[in-house]
Amino acid sequence: MHEIEILDRRFSVYLTEEEIQGRITALAEKINDDLKGRDVLFFGILNGAFLFAADLFRQTTLNAQISFIKLASYDGTTSSGKIKELIGWNEDITGKTVVVLEDIVDTGSTLERIIGELTLRKAVEVRICTLLFKPEAYLKDIPIDYIGFEIPNSFVVGYGLDYDGYGRNLNAIYKLIK
Ligand code: 5GP
């Protein structure tokens, strides 16, 4: 199926299931190699990264744990407007190598918020792994250790990523047709 409709928008296939799964296998192999012998905790960022985190994690051969955190935004009363609160920090990360699993890094502000929190909580080392990265939109200078695909600055859905809550169950990734 090359084109799909979600709500009021049309999308065309951009990355197939085979391409996505092949790249995840390669990422997992690299992470297995790099982090061998360490005490590793993967942090999947909800909601978007739930499929990516599951598919990558089951290909790891490390002494590893996984947990999930969520960034909830709500309108606050500060001058900056939106407040983002992190939910789900129950793990003790002291002494651990943390690998953050993101579905997509766009401007990088979500990533910056998470890294700030991890630094406060004294992880030994933090690595970032994202399935998708939009270099043209990225505004931060936090290095990203593992990137699945660099993509252009357009809106994508599928494989965990949504349009207004829909499309997360698609096995391929689709790009918005303008
Ligand atoms: P940031 O700008 O903080 O890097 O990205 C914030 C969030 O925006 C991502 O975690 C993701 O949920 C969402 N986002 C950014 N680009 C896209 C996109 O192309 N498609 C979808 N579905 N969500 C996106």
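May I ask you to verify whether Thr97 is open to solvent by less than 20 Å² (accessible area, probe 1.4 Å), out of contact with any Ser or Thr (no Cβ under 8 Å at 6 or more places or on another chain) and over 30 Å from Glu18 (Cβ atoms)? Give the derivation first.
On the way: open to solvent by less than 20 Å² (accessible area, probe 1.4 Å): yes; out of contact with any Ser or Thr (no Cβ under 8 Å at 6 or more places or on another chain): yes; over 30 Å from Glu18 (Cβ atoms): yes.
Taking the combined requirement at face value, the residue satisfies it.
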Legend entry - Residue in the stretch 153-162 that is nearest to Leu101 (Cα to Cα), counting only those that are within 8 Å of the ligand (Cβ to nearest atom) and either open to solvent by 50 Å² or more (accessible area, probe 1.4 Å) or not charged (D, E, K, R) (or both): Leu161
Inset, instruction - Specify the residue that is modelled with the lowest pLDDT; the eligible residues are those in the stretch 79-108 that are more than 14 Å from the ligand (Cβ to nearest atom) and charged (D, E, K, R). - result: Glu85
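This table checks each residue for (1) more than 16 Å from Ile104 (Cβ to Cβ); (2) surrounded by 16 or more Cβ atoms within 10 Å (Cβ to Cβ).
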{"site": "Ile6", "(1), (2)": "yes, yes"}
{"site": "Arg10", "(1), (2)": "yes, no"}
{"site": "Gly37", "(1), (2)": "yes, no"}
{"site": "Ala53", "(1), (2)": "no, yes"}
Legend entry - Selected residue (only one of Glu91, Glu117 is acidic (Asp, Glu) and part of a helix (DSSP H, G or I)): Glu117
Inset, instruction - State which residue is nearest to the ligand (Cβ to nearest atom) when the search covers only the stretch 109-152 and only residues that are at pLDDT 95 or above and open to solvent by 90 Å² or more (accessible area, probe 1.4 Å). - result: Leu139
Inset, instruction - Please find, among Leu56, Leu41, Leu27, Leu51, the residue that is touching a Lys or Arg at 6+ places or on another chain (Cβ under 8 Å), at pLDDT 95 or above and outside any strand (DSSP E or B). - result: Leu51
Legend entry - Flag for Gly165 being more than 27 Å from Arg10 (Cα to Cα), of a type in the set (Gly, Ala, Ser) and loosely packed, with under 14 Cβ neighbours inside 10 Å: no
Inset, instruction - Identify the single condition in (1) surrounded by fewer than 16 Cβ atoms within 10 Å (Cβ to Cβ); (2) modelled with pLDDT of 95 or more; (3) in a loop (DSSP other than H, G, I, E, B) that Asn32 does not satisfy, given that it satisfies every other one. - result: (3)
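The values are calculated or read from the model by the stated rules, or taken from the named source; none is laboratory data. Keep in mind that this is a model prediction, so the values were computed, not measured. Cβ: placed from backbone, ideal geometry, glycine included. Neighbour counts: every protein chain shown. Note: accessible area is taken over every heavy atom of the protein model, side chains too, but ligands, DNA and RNA are not part of it. Shrake-Rupley method; radii C 1.70, N 1.55, O 1.52, S 1.80 Å.
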